[in-house]
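*Asks:* Have a look at the structure that comes next, please.
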Amino acid sequence: MKKSTYSRIFLIFGILMLLVAFSGCTGPEAVKVKAGFIYVGPIGDYGWTNAHDVGRVYVDEKYSWLGTEYIETVGEDIASVKEAADTLITVKGCNVIFTTSFGFMDGTIAAAAEHPDTLFFHCSGYKRAANVGTYFADLYQMYYLNGMMAGYLSNTTKAGYVGAFPIPEVIRHINAFTLGMKAANNDSTVEVTWINSWYDPTAATSAANSLIGKGVDMLAFTEDSPAVMQAAEEEDDVYAFSHYSPMQSYAPESTISGQLAHWDIMYDEILSKVYDGTYNSTNLSDVDYLWFLKEGAVELGGNFDVPINPLFVPELQSITVGATNAYDYIMDKHDKMAAETFFPFTGPIYAQNGTLMFAAGVQATIPDLFTYMDWFVDGVIGTPG
Amino acid sequence: MVDYILMFSSIVAAATFFLLPTLGEIYAERSGILNLGIEGMIIASAAFSYAIAYSTQNLWIGVLSGMLLGGVLSGIHAIISITFTRTQVVSGIGLTILGTGLSGILGRGVIGKAIDTLENVHIPFLSDIPFIGEIFFDHPILVYFSYIMVPICWFILYKTRIGILIRSVGENPEAAYNQGVNVNLLRFACVIFGGMMSGLGGAYLSLGYLNFWSEGMTQGRGWIVIALVVVALWNPLGAFLGSYIFGTFDVMKYYFQQFLPTPVLKMAPHVSTILFLAIWGIILSRQKVKSIVGAPTSLAVPFEKS
C-alpha cells in the first residue's frame, strides 16, 4: 500500500472517531424522559396506530423534557416485541416503552423482565408487573350515542355493522350500538358482517356494500380506514358513523357522527407522572387506566369538536321524545354518561336467544363488558364468532 | 330481499382492480418477462396518484402520474432483467419491496386528507338499459376503459403483426432475433406497458374504487394478479373471465356469511386459484395443448444475444 492510502485511512478513521465522540454531546440535555412507542401497524393507517401517533406527537411537542421514538409495523410475536423494545432501550436510549396492541401483551411482559429499570405501559391488556402498567380508552359510550342517532334517523329501521374480529371489544361496541338504536326505536335491527381483519379497506368496502344491498341505511364499523364511510357516501340515503379517527371529511354528506379517541390526554397523564416521579420501575403493578368520556379520553363525533354533523341536527331536533327532542335527549344522555350517572349496559338486557342477561336495574360490571362479552344482545342479526 | 344490482355492481368494481394490471402483466409475460413487482407498482401508484391528485386538485393528472410511476418502476425491472439479464424473480420481488416502501413516503402527506374522487359516468343509451346498464355502466371511466382494453389487448396480441412478434419473442427469442426482430426493445415495451397498467390499477384503487389513501391498503391483493395471469392462460379474454370470478369471490363472501363460516369464505379465492392451477396443469401436460394455450416457453428465461 502506498503511503497516501494509509494517511487517507487515518483521516477517515479520525473523522469517524470525532463524530462518535461528539454525537453524545449534541442531544438536548433537557430531555429527562424518553418514550419509545411500539406500533402494530403503519402510522399511516388512519385508524388505531395513527391515533396513537397523534397522541405521541402531541406530548412530544408539549414538553421540552420529553423525547419520543417509535417503531411501526411490529409483529405480535414475543420475539418481535422484545427486539423492538431492545432497539428502543439500548440504541435509542428510551426509558419508557408504550406497546400499543393487545397482541403485544406477552412480549411486553417478557421484555419488561429483561429490562427491569425501564417502565413499560401496555395498551388494552390485563397482565401487569412491577414495571408494567396498563391503559385503555374505550368507545362503547360513543357507540351507544351513535346507535341512538341511527335509531332516530333510519328510514328502514335496519343498521349494518362491519366488524373486525369477534372479540369482547368489538362485540361490546356492537351491543352498545344496538342498545342505543333500540332505545330510540325498539323495532331496530343491526346486521353484523365480519371481515376478520383490523385493516383491509377492500374487504370493508365489499362488506359495507353487501349490507347496503341487504337494505340497511345506517352503517357503523370497526376497521382502521375510511372505507365504510366512502361506501356510504357512494349511495344515496345511506349514512355512517366514523370510527377512531376524524373521517367526516371523507363523507361530508353521509357522516352523522362517530367515535374519536384522545390518546394525547392519556399519554400526557402517564408521562407527566413518570416525569414527576409518581411512577417508577417498581410501582406499576397496580397502574391500570381504563378511561371513558368522563376523563375526556373519548369524544363523540366524526370530526373533533363536531359531536353531530350539522346537516342532521335539524332533523333530530324535529323529532319529539317525551317533553324534549331527539337532539337534546341524545346530548343529555351524553352529559349523563360524562358524569357517570347513566350506564348503557343496565338491565333488563336480553341476549339474541331471549335469555335475560342482566335483570332490571342491574349494571354490567367491567369484567362482564371487557372479558366475558361473547354474546349479542337482542336485535343483532349475525353470530358472535 | 337482496339488492342484486348493487351486488353485481360491486363485483364489477372489485373485478376492475384485478383486470387492469392483469392485462398488462399478460403482455409482459407473453414477451417472456415475469414481473413479480405488480404489488409494489400498484401500491406505489395508488399513493402517488392520490398525492398528486390532492396537490394539483386534478384527478386526471393524478391518474396519469400513477400510470407514469408504474411505467418508471417497471423500467427498473426491465433494465435489470433485460439489459443486464439478471434473475427476474429476485428483481420483481425487490420491486415489490421498493414499491411498498415508496408508497409510505409518497402517501405520507395525504393520510386523512379527503378529495372528491372520480365520479360515476353516465353513458347515454348503455346506462339506461335496465339491470345490465345499472350494473355495468354506472361506474368511473376507468372501469369502461377496462372493458375496451380487453378486446383491444386480445386483438393486438392475436390478430396483428406486432402481436405475433411479441408472442414469438416470448416463445423463442433466439429465432426471433435471427429473423431480425429487436427482442430487447419489444420486451422493454411490453414490461413498461405492464407497469403502466399496474399503475392505472393503483390509481383506480385510490381514486375510483376506495377513494382514499392509507398505508398498505392493497393488503397484498396485487399478488393475485400473478395467479390471474396463469388462470387466464395468458389470454386477455381469459383475464376478463378470471378477474370477474375473483371479484365475485371477493364480494360474495359477505353475502353468504350467514350460511358458511367466514374462514371458509375467506379461503375461497386462494383455494380456487390452486384448483385452477391444478386443472390447467393436468390439461396442459399434453404437449399439443400446451403449444396452443400454455405458458410462453421462454417465460422468465433471460435472453442473451449470441
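The values are calculated or read from the model by the stated rules, or taken from the named source; none is laboratory data. What you are looking at is a predicted structure, and each value in this text was computed from that prediction instead of being measured. Note that each Cβ is placed from the backbone with ideal geometry, even for glycine, and that neighbours are counted across all protein chains shown.
*Asks:* Hey, which of the helices (runs of 4 or more DSSP H) in the range B:138-211, taking only ones fully inside, have at least 2 residues that are without any contact (Cβ under 8 Å) to a residue 40 or more places away in the chain, within 14 Å of chain A (Cβ to nearest Cβ) and not aromatic (Phe, Trp, Tyr)? Walk me through how you get there before you give the answer.
*Replies:* On the way: elements: B:141-159, B:161-171, B:173-178, B:183-204.
Where helices (runs of 4 or more DSSP H) fall fully within the range B:138-211, none carries at least 2 residues being without any contact (Cβ under 8 Å) to a residue 40 or more places away in the chain, within 14 Å of chain A (Cβ to nearest Cβ) and not aromatic (Phe, Trp, Tyr).
*Asks:* Test of understanding: among A:311, A:271, A:300, A:316, which residue is crowded, with 21+ Cβ neighbours inside 10 Å, more than 21 Å from the chain's Cα centre (by Cα) and at pLDDT 95 or above? Let's see the steps before the verdict.
*Replies:* Numbers: A:311 fails: crowded, with 21+ Cβ neighbours inside 10 Å; A:271 fails: more than 21 Å from the chain's Cα centre (by Cα); A:300 fails: more than 21 Å from the chain's Cα centre (by Cα).
When all the criteria are applied, what remains is A:316.
*Asks:* Before we move on, is residue B:223 in a helix (DSSP H, G or I), in contact (Cβ under 8 Å) with a residue 12 or more places away in the chain and touching a helix residue (DSSP H, G or I) at 6+ places or on another chain (Cβ under 7 Å)? Walk me through how you get there before you give the answer.
*Replies:* Values: in a helix (DSSP H, G or I): yes; in contact (Cβ under 8 Å) with a residue 12 or more places away in the chain: yes; touching a helix residue (DSSP H, G or I) at 6+ places or on another chain (Cβ under 7 Å): yes.
The answer is yes for residue B:223.
*Asks:* Can I ask one more? Return the total of residues in the range A:350-383 being assigned to a loop (DSSP other than H, G, I, E, B) and within 14 Å of chain B (Cβ to nearest Cβ).
*Replies:* The initial filter retains those residues of the range A:350-383 that are assigned to a loop (DSSP other than H, G, I, E, B), namely A:352-355, A:359-362, A:364-365, A:371-376, A:378-379, A:382-383.
With the extra rule that they be within 14 Å of chain B (Cβ to nearest Cβ), the set shrinks to A:352, A:376, A:382-383.
Counting residues in the range A:350-383 that are assigned to a loop (DSSP other than H, G, I, E, B) and within 14 Å of chain B (Cβ to nearest Cβ) gives 4.
*Asks:* So residue B:79 passes all but one of these: (1) over 23 Å from residue B:196 (Cα atoms); (2) within 22 Å of the chain's Cα centre (by Cα). Which condition number does it fail?
*Replies:* That leaves (1) as the condition not met.
*Asks:* Those residues that are more than 21 Å from residue B:3 (Cβ to Cβ) and more than 14 Å from chain A (Cβ to nearest Cβ), I need them from the range B:244-269; list them, please.
*Replies:* Restricting attention to the range B:244-269, the residues satisfying the condition of being more than 21 Å from residue B:3 (Cβ to Cβ) are B:245-246, B:261-264, B:266-269.
Result: B:245, single match.
*Asks:* Let me ask something else about it. Could you say which residue among A:205, A:178, A:189 is among the polar types (S, T, N, Q) and surrounded by fewer than 22 Cβ atoms within 10 Å (Cβ to Cβ)?
*Replies:* Numbers: A:205 fails: surrounded by fewer than 22 Cβ atoms within 10 Å (Cβ to Cβ); A:178 fails: surrounded by fewer than 22 Cβ atoms within 10 Å (Cβ to Cβ).
Within the list A:205, A:178, A:189, the selection yields A:189.
*Asks:* Yes or no: residue B:246 of a type in the set (Phe, Trp, Tyr), closer than 30 Å to residue B:304 by Cβ and either in a helix (DSSP H, G or I) or at pLDDT 95 or above (or both)? Let's see the steps before the verdict.
*Replies:* On the way: of a type in the set (Phe, Trp, Tyr): yes; closer than 30 Å to residue B:304 by Cβ: no; either in a helix (DSSP H, G or I) or at pLDDT 95 or above (or both): yes.
It is false that residue B:246 is of a type in the set (Phe, Trp, Tyr), closer than 30 Å to residue B:304 by Cβ and either in a helix (DSSP H, G or I) or at pLDDT 95 or above (or both).
*Asks:* Now for a different question. Which residues, taken from the range A:330-383, are of a type in the set (Gly, Ala, Ser), surrounded by 11 or more Cβ atoms within 10 Å (Cβ to Cβ) and in contact (Cβ under 8 Å) with a residue 40 or more places away in the chain?
*Replies:* Applying the first criterion (of a type in the set (Gly, Ala, Ser)) to the range A:330-383 yields A:338-339, A:347, A:351, A:354, A:359-361, A:364, A:379, A:382.
This time we only want the ones that are surrounded by 11 or more Cβ atoms within 10 Å (Cβ to Cβ), so: A:338, A:347, A:351, A:364, A:379, A:382.
Those that are of a type in the set (Gly, Ala, Ser), surrounded by 11 or more Cβ atoms within 10 Å (Cβ to Cβ) and in contact (Cβ under 8 Å) with a residue 40 or more places away in the chain: A:338, A:379, A:382.
*Asks:* Ok, one more. Go through the range A:84-102 and count every residue that is outside any loop (DSSP other than H, G, I, E, B) and surrounded by 17 or more Cβ atoms within 10 Å (Cβ to Cβ). Before you say what the answer is, go through the steps one by one.
*Replies:* The first filter runs over the range A:84-102 and keeps only residues outside any loop (DSSP other than H, G, I, E, B), leaving A:84-91, A:96-99, A:102.
So of that shortlist, the ones also surrounded by 17 or more Cβ atoms within 10 Å (Cβ to Cβ) come out as A:84-85, A:88-89, A:96-99.
Summing the residues that are outside any loop (DSSP other than H, G, I, E, B) and surrounded by 17 or more Cβ atoms within 10 Å (Cβ to Cβ) in the range A:84-102 gives 8.
*Asks:* In the range A:335-349, how many are in contact with a strand residue (DSSP E or B) (Cβ under 6 Å, 6 or more places away or on another chain) and either hydrophobic (A, V, I, L, M, F, W, C) or not in a loop (DSSP other than H, G, I, E, B) (or both)?
*Replies:* So the answer is 3.
*Asks:* Taking the condition of being buried (at least 24 other Cβ atoms within 10 Å of the Cβ) and either in a loop (DSSP other than H, G, I, E, B) or within 14 Å of another protein chain (Cβ to nearest Cβ) (or both), how many residues in the range A:222-243 meet it? Give the steps one after another, and end with the answer.
*Replies:* Our first condition is that a residue be buried (at least 24 other Cβ atoms within 10 Å of the Cβ); within the range A:222-243, this holds for A:222-232, A:239-243.
The next check asks that each one be either in a loop (DSSP other than H, G, I, E, B) or within 14 Å of another protein chain (Cβ to nearest Cβ) (or both); those that pass are A:222-232, A:240, A:242-243.
Residues meeting the conditions: 14.
*Asks:* Evaluate the following for residue A:76: is it of a type in the set (Asp, Glu), in contact with a Phe, Trp or Tyr (Cβ under 9 Å, 6 or more places away or on another chain), surrounded by fewer than 23 Cβ atoms within 10 Å (Cβ to Cβ) and part of a loop (DSSP other than H, G, I, E, B)? So that I can check it myself, show each step before the final result.
*Replies:* Numbers: of a type in the set (Asp, Glu): yes; in contact with a Phe, Trp or Tyr (Cβ under 9 Å, 6 or more places away or on another chain): yes; surrounded by fewer than 23 Cβ atoms within 10 Å (Cβ to Cβ): yes; part of a loop (DSSP other than H, G, I, E, B): yes.
Judged against the criteria, residue A:76 is a match.
*Asks:* Let me ask another. Of all the residues that make up the range A:194-211, how many are closer than 15 Å to residue B:249 by Cβ, more than 7 Å from chain B (Cβ to nearest Cβ) and outside any helix (DSSP H, G or I)?
*Replies:* Total satisfying the criteria: 1.
*Asks:* Got at least one residue in the range A:325-332 being farther than 30 Å from residue A:127 by Cα, over 27 Å from the mean Cα position of the chain (by Cα) and in a loop (DSSP other than H, G, I, E, B)?
*Replies:* Scanning the range A:325-332 turns up no residue that is farther than 30 Å from residue A:127 by Cα, over 27 Å from the mean Cα position of the chain (by Cα) and in a loop (DSSP other than H, G, I, E, B).
*Asks:* Take residues that are in contact (Cβ under 8 Å) with a residue 24 or more places away in the chain and within 14 Å of chain A (Cβ to nearest Cβ) and tell me which of the helices (runs of 4 or more DSSP H) falling wholly in the range B:1-96 contain 3 or more.
*Replies:* B:4-30, B:38-56
*Asks:* Considering only residues that are surrounded by fewer than 22 Cβ atoms within 10 Å (Cβ to Cβ) and over 20 Å from residue A:378 (Cβ atoms), which ones fall in the range A:148-163?
*Replies:* Matches in the range A:148-163: A:153, A:155.
*Asks:* Identify, by number, the condition in (1) surrounded by fewer than 18 Cβ atoms within 10 Å (Cβ to Cβ); (2) closer than 30 Å to residue A:250 by Cα; (3) aromatic (Phe, Trp, Tyr) that residue A:46 doesn't meet.
*Replies:* Condition not satisfied by residue A:46: (1).
*Asks:* Of the conditions (1) outside any helix (DSSP H, G or I); (2) more than 14 Å from every other protein chain (Cβ to nearest Cβ); (3) buried (at least 18 other Cβ atoms within 10 Å of the Cβ), residue B:130 satisfies every one except a single condition; which number is it?
*Replies:* Failing condition for residue B:130: (3).
*Asks:* Continuing with the same structure: Scan the range B:45-91 for residues that are within 21 Å of residue B:115 (Cβ to Cβ), hydroxyl-bearing (Ser, Thr, Tyr) and surrounded by 24 or more Cβ atoms within 10 Å (Cβ to Cβ) and jot them down. Please lay out each step first, then the result.
*Replies:* Step one: of the range B:45-91, the residues within 21 Å of residue B:115 (Cβ to Cβ) are B:45-70.
Now restrict to residues that are hydroxyl-bearing (Ser, Thr, Tyr): B:45, B:49-50, B:54-56, B:65.
B:45, B:49, B:50, listed by residue number.
*Asks:* In the range A:129-147, is there at least one residue being in a helix (DSSP H, G or I), surrounded by fewer than 24 Cβ atoms within 10 Å (Cβ to Cβ), touching a helix residue (DSSP H, G or I) at 6+ places or on another chain (Cβ under 8 Å) and of a type in the set (A, V, I, L, M, F, W, C)?
*Replies:* Just the residues of the range A:129-147 that are in a helix (DSSP H, G or I), to begin with: A:140-147.
Cutting the leftovers down to surrounded by fewer than 24 Cβ atoms within 10 Å (Cβ to Cβ) gives us none.
So far as the range A:129-147 goes, no, none of its residues is in a helix (DSSP H, G or I), surrounded by fewer than 24 Cβ atoms within 10 Å (Cβ to Cβ), touching a helix residue (DSSP H, G or I) at 6+ places or on another chain (Cβ under 8 Å) and of a type in the set (A, V, I, L, M, F, W, C).
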